[in-house]
């Protein structure tokens, strides 16, 4: 039996529909999240909802572990939707005049299966393993994401684009990222004025205190030898230099896929028991994807080519300093064609801004990576 759930945060209760595998409705109702009858239903049927985050964040949900199927993740995986999407945006893809039956999640599954001519059991299956979320394991992940978003909004509200005087293009390389924590071995940066004129460069090597394993990153090799990295200082000794660059007043850090770099920094801070820095950085990747009309996340080299550039002579990809230079070149070309330029974009305070607080919790408690079919 399928148990379709829709959480009502204002009342901290759940609307539910119980159906068979052909989506023939057997029962529907509404119960408090803490009601023993609801807990019994959770463990006797197969729970399904459109958005697990809302349900998992209920303060009253307290029961033994269970797995739940997330229809929003299914929709995004099935149609290759990278960005978050609301229920109304998703369901109207099937028909502009959708008639709700039973409950929102139940109706969504009905329309989805009918639109694609699929049996519900073929959609709610192990083929979409990354749409299964576990309680309480992934509740921690949703709490961390909520905290990170809240902190990002706090930092963004205090951010004043007019006070930016310098841009810090930065990149990191790691020896490995086992357990989701990158063991930093290289930091590179290029500082410019607001016209992208280079003011200074920095390259710092770091002993990662961990094995070099790049096997999962096909075709990638580091610029320096492992012996050079191992002779360098450990992360705690170079962190003050990195913080000085990232936190300098009037400086905006900019990276490409910089969410990864921020997580590397915060992950290594966690590894060594150090309080990580609190800062905003600008990630150019989402903007480049949008401006170039890409349905996938572009690599740094592909973004540069998309803006009409080519790899300069003497540049080695995946050397942190050189990737910082490539990020600078992408930014130069990107904002040359952006209406109003860099300052206009910064004033929009859009999804390109990444915050560092709570990044380590995201690393330690990740959600399953969504595969796009």
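The values are calculated or read from the model by the stated rules, or taken from the named source; none is laboratory data. Being a predicted model, the structure only gives us computed values, none of them experimental. Cβ sites come from the backbone with ideal geometry, for glycine too, and all protein chains shown count toward neighbours.
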Selection from the stretch 251-273 of residues that are over 21 Å from the mean Cα position of the chain (by Cα) and within 30 Å of residue 306 (Cα to Cα): 251
Matching helices (runs of 4 or more DSSP H) fully within the stretch 1-88 where at least 3 residues are within 20 Å of residue 131 (Cβ to Cβ): 52-56, 71-79
Every residue from the stretch 226-240 that is touching a residue at least 40 places away in the same chain (Cβ under 8 Å) and either closer than 15 Å to residue 273 by Cα or exposed (fewer than 13 other Cβ atoms within 10 Å of the Cβ) (or both): 235, 238
Failed condition for residue 62, given (1) at pLDDT below 90; (2) crowded, with 20+ Cβ neighbours inside 10 Å: (2)
Residues (within 20 Å of residue 6 (Cβ to Cβ), over 17 Å from the mean Cα position of the chain (by Cα) and surrounded by 14 or more Cβ atoms within 10 Å (Cβ to Cβ)) located in the stretch 75-96: 75, 87, 90, 91, 93, 94
Residue satisfying all of: in the stretch 316-328; surrounded by 16 or more Cβ atoms within 10 Å (Cβ to Cβ) and assigned to a loop (DSSP other than H, G, I, E, B); modelled with the highest pLDDT among these: 319
Only listed residue being surrounded by fewer than 20 Cβ atoms within 10 Å (Cβ to Cβ) and assigned to a helix (DSSP H, G or I), chosen from 331, 305, 288: 305
Condition check for residue 122: assigned by TED's automatic domain parsing to the domain that holds residue 8, out of contact with any helix residue (DSSP H, G or I) (no Cβ under 8 Å at 6 or more places or on another chain) and surrounded by 13 or more Cβ atoms within 10 Å (Cβ to Cβ): no
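Where residues in the stretch 350-366 are under 22 Å from residue 295 (Cα atoms) and in contact with a helix residue (DSSP H, G or I) (Cβ under 7 Å, 6 or more places away or on another chain), which of them is surrounded by the fewest Cβ atoms within 10 Å (Cβ to Cβ)? Please lay out each step first, then the result.
Within the stretch 350-366, the subset under 22 Å from residue 295 (Cα atoms) is 350-354.
If we keep only those that are in contact with a helix residue (DSSP H, G or I) (Cβ under 7 Å, 6 or more places away or on another chain) as well, we get 351-354.
Numbers: 351: 13, 352: 20, 353: 20, 354: 24.
Ranking the candidates gives 351 first.
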Flag if residue 276 is more than 17 Å from the chain's Cα centre (by Cα) and either over 26 Å from residue 221 (Cα atoms) or assigned to a strand (DSSP E or B) (or both): yes
Tally, over the stretch 50-59, of residues that are in contact with a helix residue (DSSP H, G or I) (Cβ under 7 Å, 6 or more places away or on another chain) and surrounded by fewer than 15 Cβ atoms within 10 Å (Cβ to Cβ): 0
Test: residue in the stretch 91-103 that is out of contact with any helix residue (DSSP H, G or I) (no Cβ under 8 Å at 6 or more places or on another chain) and at pLDDT 90 or above: no
